[in-house]
Structures are given as structure tokens and as C-alpha cells.
1. Taking all protein chains together and a probe of 1.4 Å, list His195, His680, His596 from the most accessible to the least accessible.
2. Give a quick list of trypsin sites (Lys or Arg not before Pro) in segment 181-219 that DSSP marks as loop, anything other than H, G, I, E or B, with at most 14 other Cβ atoms within 10 Å.
3. Compare the Cα positions of Gly546, Thr588, Ala620 along the charge dipole of segment 493-651 (+1 at Cβ of Lys, Arg; -1 at Cβ of Asp, Glu; about the Cα centre) and return the one farthest towards the positive end.
4. For segment 53-110, with the dipole built from +1 on Lys and Arg beta-carbon atoms and -1 on Asp and Glu ones, taken about the Cα centre, which of Gln110, Leu61, Thr95 lies farthest toward the positive end?
5. Quick check of the Kirkwood formula: for segment 72-149, what is the inverse mean of 1/r over all pairs of different Cα atoms, in Å?
6. If you place +1 on the Cβ of every Lys and Arg and -1 on the Cβ of every Asp and Glu, how big does the dipole about the Cα centre of the chain come out, in debye to the nearest 20?
7. What Kirkwood radius, in Å to one decimal, follows from the Cα pairs of segment 496-586?
8. Where a ≥ b ≥ c are the square roots of the eigenvalues of the C-alpha gyration tensor, would you call segment 637-705 rounded, which needs a/c under 1.5, or, failing that, prolate if a/b is larger than b/c, or oblate?
Amino acid sequence: MTAVRLLRVPLSIGCSPAAALRALREDSLSFALVGRWAGSGAIVGSSPVRVAAPGDDPFDLLDELPRVEGETNADAVGGGWFGWLGYGLGARVETLPPPPPRPVPLPPFQLAYYDHLLRLDAEGRWWFEALATPARESALHARLALLSERLAAVLGPRPTDDAEHRAPAPSVNGDANTHRAPPRFRIAGGGAVAHLAAVRECRERIAAGEIFQANVCLRFEAAWDGDVAELFATASERLQPAYGAAFPTPWGGIASLSPELFLRRRGGAVETAPIKGTIARDATPDSDAGTIARDATPDSDAARAALVASKKDHAEHVMIVDLMRNDLGRVSRYGTVEAARTPEAQAHPGLWHLVSRVRGELRPEVGDGELLRATFPPGSVTGAPKVQALHVISELEGTARELYTGAVGFASPIAGLELNVAIRTFEARDGRLWLGAGGGIVADSDPLAELEECHVKARPLIAAIGGVLDEAPPAETSHVSSLLALTPTRRRPDPALGVFETLLVSDRVALRAEAHLARLSASTRVLYGRPLPARLAKQVDEAAAGAGPGQWRLRVALIVDDKGEPAAELSSGPLPTRSLPIALAPVTLPGGLGAHKWLDRRLLDALALELRATALLLDADDTVLEAAWGSVFVVEGTRLVTPPADGRILSGVTRAALLQRAADAGLRPSEEPLTVARLHAADALLITSALGLALPATLSAEPQSDGTLAVRIARRLHTLLLAADSPAATPA
């Protein structure tokens, strides 16, 4: 193990953490931790000496720390691993079902080793700290000089007046972009109704004895192309989070404003401080401004008293404290795990929380990696029993969690391990900004109250970045079916098994091959971070040419091997025969199957056998998504309507071609939400796919009709789509 010594130099600079982060933005992987981290005001760093590779085990990495020689300062951090661990890493600890759709996947984790950093201590003084080795000595002194120069150029000397210590908070979109409209957040996926349905289903599972509690969450999402570092600067200045963190990246990044400590280990002592139980603070000047009322007294807030008296919140809290005691007990010395008898009501921006501290003494051989494996993901954002709650979450939530409810922080050879619970956390990528919110569901949870709790948690955060929260009441629905029961033999598709495309070969030409391969390429890059094999387009042409005259099916399966390399498998065969009209049977799967064509078809095959019909997938709000193997269209007069490709459905290649060519058939195409009621009332119901092109369909519960209009329209569209090989543009 490498030996290092602590290098610690005071800086005669005064600035806000946000300004310090801004000064380091040109460096690689800059970051900022703000709040109570290591008992200080902030930790800011950049230019790591090692970056974790995608194939690394993030839990093992946290134990790869150098040995510190010589004297250390109890207040120092020096350096170490900094970054975040996504919620999905729980699948490395427990055997879990595949997650719901991931509209915008993030890397499963981001960790980098920094051998130097800037640290703002509790007294407001900045320090340059480093874990120095002889080989890095000169480089560290050069970094000290460079960073001192940058900070001095931007900020000038350290102010003597404490009131001058903080720089003004910049606009969330940057000073040059203050004209931009504020980001408008809406509930992603099935919206508020879907969350209400998930809460009701969770209560039924509690009543059946499957679980005691589950933390069911939703996602607020907005279109956004701003800067994560500036967003964090604005929000952290206003909210003063206890465990704030910003990790901007070239693709977006994360800005965590968490109030919750997940783990703190110093030596063998470990503690966690779960939050469970929340209520909005009474309207006061402090709470309205979003700042923490540090001078709040027990009688100063009626909301606090209501929270303390709430049997439901205390029931949630007790279960999670017991869960955390159990998690720490797996790695602590016998008899050392303890927790306070009653939780403390703490004031946070716009909210009161119930908080407890659970402490233990680790066994001598336990490192940070083993500690994480015993406790991850945090119990306060999962439920009890924990493993079964993780299963329930994967079945009821409409979108997969990325970083949200994972952890952010550091592992240092001097300061130990410290991680927050990644709640109150903005995540950004591909022009989207999202924020998770949820709550613990117990036997007597009220669905509307749980939905309101999500809004209560989101409001001060969205307001702090100048955003707008769309709080439209849940829409009325004519039909909400029971959620599809997922079982060990009937689960969501497993992304690890690969993706595929099916192409129609007509007289030795693969129709719309370019669009199919573009969609396959997008899925491969998003899911596996790899491009398609270089010769695949040529292989498709060769396979089509060798198929013979007439019409054939060509399947291109993309499978990733143990080393993460994609390999394509091509196979051809006759077209499937289908009874017309296609009988559709509605089933409700929260979030649907997402935007990728999964090679794992076990769920859909099981549904076909059970239903004796083609599954028509609905979201939990009665929104029609797609059929098991095709896109759904309805004809209403001269309008041709299909659900929007919003990340919950496969953006079909034939679907896109039909939208492009519908006018040639005298139809006006439109993408808008559909319900089962609209399908019943439509003049015609159609299914499109690469092989069937356009086929008439009917709901299996309907009395059978001759379907003359649907058949006639389907034939016209079928001929239109087959008429020429004019590849559609890649669907958005």
C-alpha cells in the first residue's frame, strides 16, 4: 500500500464554495461538497489522478486508500475517492429483478481518486490539502501555485468582513442566459394518477403481508440545457443543504441538496442518521425563503407539533430505524449498535423531518466496501423488509432510479468514509433535468396525501433554482386496470440479455434497414456504451440478398459478451401468420417497457399464453402505450392518432414511416395520449410493425364486428408502406 503524508497549506483567499468550483471548472472532473462534510464548510477538487473504469467494483475501490505517515490534522481530509454511487448498484448486493424503463440512463457510479483538494474549514478559512508522495511532490506544489493564482485572479484577497464571504448566487442558467424561460417540471411517465395507483397497490401488498413498508417514488422532469455547477450554486446558496454536492460533467451531472447522512465512519465508529417522516413547515419568513430556521423552538411551528404527534410518521420511522440497526449489525461488534429511543424533529428548507442517529462499532476486519455491501442502498429510501421492498419498488415505479436514493460523498485515509443519501438531488443529461421524490408507504397511507408529500418535498427545491412545478390535479380516468403482477418467472425484460431489430425483407431488399440499424445503434450506445459492429450494415444487406424472392423476416440480435463487447447474430425465416383482426387485451405495467426493443421476451410470451391475445400495455394512469409487438394507432374520422414516443414506448420504425406518409392515404397524423375509452370509441384500431406493416385490431373484450373499415384502412396503409423502400428518418 502506498505511503503518503499530509500536506496542508493555508490560503489567504476568501470566496464561496460556488466561486471556488467555478475557478476549477476548466479542470477535469471538478466537484464541490458543501455543508457538514467532515465537520467543515466545503470541499472542492478537480484533476483526479485516477478515474474508476466502468468495469471496476465501486465498493472495492473505496478500500484502495494509501497509508498515511507522519502527523495528521483531525480536521483534515487531504484527498481520497470522491463521487457517487447510483441506486442501481443495489443489484450488486442482492439478486433483484430488472428495473423499470430508464428514460435517460446515467453511469451506475462515478468515482475518482484526488490526491489534493481545497477545503473550507468551520472557521471560514480555505486550505490546500494533499496526500503527498515523493513522486508527486513537485506536481502538487505546482497545483498549489496554479490554484492560488486562479482564485486570486477571480476573487482577490480574503475579505476580513464575514458578510463579504459569500459571492452572489448566479442565475441557474448562467448570467448570460437570464432571458431563458424557467424550467417547468411535470411528473414523468404516467403522471400523478400512476403514483396514486402505485400507492394503492403498495397498500394491498402490505395488507397481504408481503412487506411492512416501501418507499414509492416518482420523477419530476423538465426540459433544460443549463449548467449543473451554476444550478448548484444558486440552490445551495438559498437552501444551505447539510450534505450538498455538485459533480458537473460534460454530459450534464448531478447537484445534490440532501439533508440526510447515510454513513459516517471515523476509525471503527460508524453512524447513520435516517430521515423518515416529513411535513411542510408553517409559512414563516424563514420557511418561505427556503432557509433553515436554526432558531426554531419546540413551540414555534404548529407543523412540527403535528409531525411529532403523527402515528403514521412514527410508524414509518421506527421501521426504518430498526432496518438500519439491522444493516449496521451485520458488520458491527456484537452489542455496539444503538439508537435513541425517540427521533428528533429537525427543521430543513420548507420542511420538518424526523431524524434518528444509529451508531455502532465495526468489527476490526470490516472495510468501507463491506460496510457498503451490508447497508446499500440506504434503508430510509427503500423499505422493510429491505430486499422485498426493492422488488416492490421495481414493479410499481414507472421509471428507474439513477443516482436518486443512492449515495454521494467520499472515502479518505484521514477523514474516513462519509456519504449522504442522494435525495433532494437534481440529475441532468441529454437536455433533461429531473428530481425524484417519494415517501414511505405503510398500511394506512392515503394516496392523495402521499402524492402531496412528493410535492411538498419538491417545491422548495424547484423554487430554489427558479423553476416552476406543474401541480395540476390528477386527471380523471374512465378505466384503471389492476397492475400486472410480476413474479420471478414473469419479470420486466433484462437489459443484460441484449436488444434486437426485426426487418421485413421484400424481394431481397431489407426495408428501412438504415432506420432499424440507427435505432439499434442508439440502444447499444445508451445501454452498453458501445458502437455497433463495423460490418453490420453490410451483413444485413448480404443476408437480405440471400433470402430469396418474396417476403421474409430478418432478425438482428445484438448481444454483449462478458467483456462488454457487442456481437450481432443474424437469422432469417418466414413471416409469422396472425389471425385478423389482432385481438388486444389490456394489461397495466407501470412505465411500460421503455424505448428499447428487448431481446428478453419472456414477459410478453407469458402474457400471450395467459391472455390468448396480444398484450396491450397501459401505464398506471390508463394511458395506452403500445402492443406487445407493435405500435398502436386509431382512426378518428380523418385523423390518425398514435401515443407520443416519450420514452415509455418503442419508437417504431414503421410507426415513424406511417406518420410521414399518412397524408398520402388521406389521413392527418397526430401524436397524442390515448386511453382505452378512445380505443373503444375509435372508427378503427390498427397495429403497425416492421413485419405486419399495418394490421386491423380489436379489443378482446369487445363484441366482434366485421371490422370492415379497419380492414380497408389497414390494406391501404399496408400497400402504402410496402410501395417503396424509402427509409424513414430515425425516430426521436
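1. I get His680, His596, His195, largest accessible area first.
2. In loop regions of segment 181-219 (DSSP not H, G, I, E or B), there are no sparsely surrounded trypsin sites (Lys or Arg not before Pro).
3. Gly546
4. Thr95
5. One over the average 1/r among Cα pairs gives 15.8 Å for segment 72-149.
6. Charge dipole of the chain: 1220 debye, to the nearest 20.
7. 14.2
8. Rounded is the answer for segment 637-705, as its axis ratio a/c remains below 1.5.
The values are calculated or read from the model by the stated rules, or taken from the named source; none is laboratory data. Please read all numbers here as calculations on a predicted model, not as lab measurements. Glycine gets a Cβ as well: all are built from the backbone with ideal geometry, and neighbour counts include every protein chain shown. Areas reflect the complete protein model, heavy atoms only, side chains present, ligands, DNA and RNA absent. Shrake-Rupley method; radii C 1.70, N 1.55, O 1.52, S 1.80 Å.
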